Amino acid sequence: MIVFLTGASGVGKTSIVEKLDQDFQNCGFTFHHFDSIEIPSAEEIRSIKNWQETTTHEWIDRLVAREDKDVIVFEGSTIFDLFYRVLKNMTTSTI
């Protein structure tokens with residue numbers, strides 16, 4: 001199961017996930033932060049077509065490939081609709 005935690009910058013997503021990671025390290029959970037990848041500058045992001053959508057798709061591909069954990073918690077300030085669209089496209093393309 002993948003749990004997505006999203007919200008505006010500065011609301012405490014990373015703090016919550018870091019605390020959960022400390023408390024549940026050996027309980028079948030794994031925790032990932034969208035921003036743990038190299039985030040380009042604002043100027044570079046504007047020049048890369050669909051950067052956030054492409055990066056979200058790459059993250060979901062990585063997360064779906066993880067079979068060693070029961071629960072995957074993923075946090076980031078990305079748009080929830082991107083998660084939904086990418087996951088929906090993945091499930092409809094495999095049917």
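Readers should treat all values here as calculations from the given coordinates under stated rules, not as data from a laboratory. Keep in mind it's a predicted model, so treat the numbers as computed, not measured. No Cβ is skipped: glycine too gets one built from the backbone with ideal geometry, and neighbour counts run over all protein chains shown.
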(message) Could you tell me the relative contact order of segment 2-93? Use alpha-carbon pairs under 8 Å, at least six residues apart, and round to a whole percent.
(response) 50 percent
(request) State the extension gain, in nm to one decimal, for the chain segment bounded by D35 and T54, taking 0.36 nm per residue of separation less the distance between their alpha-carbons. (result) 5.4 nm
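How big is the dipole moment of the chain about its Cα centre under a simple scheme where the beta carbon of each Lys and Arg is +1, that of each Asp and Glu is -1, and everything else is neutral? Debye, nearest 20, please. Each step should come with its number before you reach the end.
Working: 9 positive and 15 negative charges, 61 e Å.
Using only the charged Cβ atoms, the result is roughly 300 debye.
Rg over Rh of the chain, using C-alpha atoms and the Kirkwood radius, what does it come to?
0.98
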(message) Tell me the net charge near S77. Cut-off is 9 Å between Cβ atoms, S77 excluded, with +1 for each Lys or Arg and -1 for each Asp or Glu.
(response) -1
(message) Using +1 at the C-beta of Lys and Arg and -1 at the C-beta of Asp and Glu, which of F83, S9, F31 has the Cα lying farthest in the positive direction of the dipole of segment 2-93?
(response) F83
(request) At 7 Å along the Cα-to-beta-carbon direction for both L63 and S9, put a label point, then send me their distance in nm to one decimal. (result) 2.1 nm
(request) Divide by every residue of the chain the summed helix terms, -39500 (n - 2.57) for each DSSP H run of at least 4, and state the resulting mean residue ellipticity at 222 nm, rounded to the nearest 500 deg cm²/dmol. (result) -15000 deg cm²/dmol
